[in-house]
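Worksheet: one structure, shown below.
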Amino acid sequence: MVGDPAKFGIITISDRAHSGEYKDEGGPAILGFFEEAIASEWSHHYVIVPDEIEAIAKAITDMTDNHSCDVVVTTGGTGPAERDVTPEATMQVCDRILPGFGEQMRAISLEFVPTAILSRQVGGTRGKSLIFNLPGRPKAIRETIDEIWKAVPYCVDLLGGPYIDMKDDVCNAFRPKSARRR
């Protein structure tokens, strides 16, 4: 292992999971990816919030500003339904939007379902933190994060964060040769 300790934030956005009507499966799917793919030492903060712009924005800013998370990943609330407001909350708190995240996530999902065009996922930065929205279903989360994460460690490097080392057999993240430690 050549990586540095990293902090990750996981936010599940769901009225029903927040109220206890059903068990959250999205957050654990993200956590499962981290456990399988990250070789560096890492810790995480995990919350479930309702589909409300203020609650989502507050959770994201708490993760970035108070917990110093290097990466904040949300799950849920990215569709066209009236209560799907995760992208609006994310854009509200980001300093910069990185359109490639949403574009690539939709392209990946289109390989599996034609309804991927309905997704409104976004990615961006707040200070030195990377934030991006994933779909809500565990299968879609894994299809997406397994591919998207290939760009995340280098993005974190560029933001001045820790060097996140990966288990290459799970997720072979890309870094230019000049940015590799091993």
- Item | Tally of residues being modelled with pLDDT of 95 or more and not hydrophobic (A, V, I, L, M, F, W, C) across segment 1-13 | 4
- Query: Scanning for something free of Cβ contacts under 8 Å to residues at least 40 places away in the same chain, in contact with a helix residue (DSSP H, G or I) (Cβ under 9 Å, 6 or more places away or on another chain) and over 20 Å from Ile10 (Cβ atoms), does segment 133-145 turn up at least one residue?
  - Reply: no
- Message: Going residue by residue through segment 92-102, is there one that turns out to be open to solvent by 80 Å² or more (accessible area, probe 1.4 Å) and either under 20 Å from Glu54 (Cβ atoms) or in contact with a helix residue (DSSP H, G or I) (Cβ under 8 Å, 6 or more places away or on another chain) (or both)?
- Response: yes
- Does Gly79 satisfy being more than 14 Å from the chain's Cα centre (by Cα) and surrounded by 14 or more Cβ atoms within 10 Å (Cβ to Cβ)? yes
- Item | Residues being under 14 Å from Val156 (Cβ atoms) and free of Cβ contacts under 8 Å to residues at least 40 places away in the same chain - total across segment 1-41 | 1
- Query: Cβ-Cβ below 8 Å, separation at least six or inter-chain, first residue in segment 86-101 and among the acidic types (Asp, Glu), second open to solvent by 20 Å² or more (accessible area, probe 1.4 Å): which pairs?
  - Reply: Glu88/Ile53; Asp95/Arg126; Asp95/Gly127
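The values are calculated or read from the model by the stated rules, or taken from the named source; none is laboratory data. Computed from a prediction, not measured in an experiment: that's the story for all the values here. We place every Cβ from the backbone using ideal geometry, glycine too, and count neighbours over all the protein chains shown. Just so you know, the surface numbers come from the protein's heavy atoms only, side chains and all, with ligands and any DNA or RNA stripped out. Shrake-Rupley method; radii C 1.70, N 1.55, O 1.52, S 1.80 Å.
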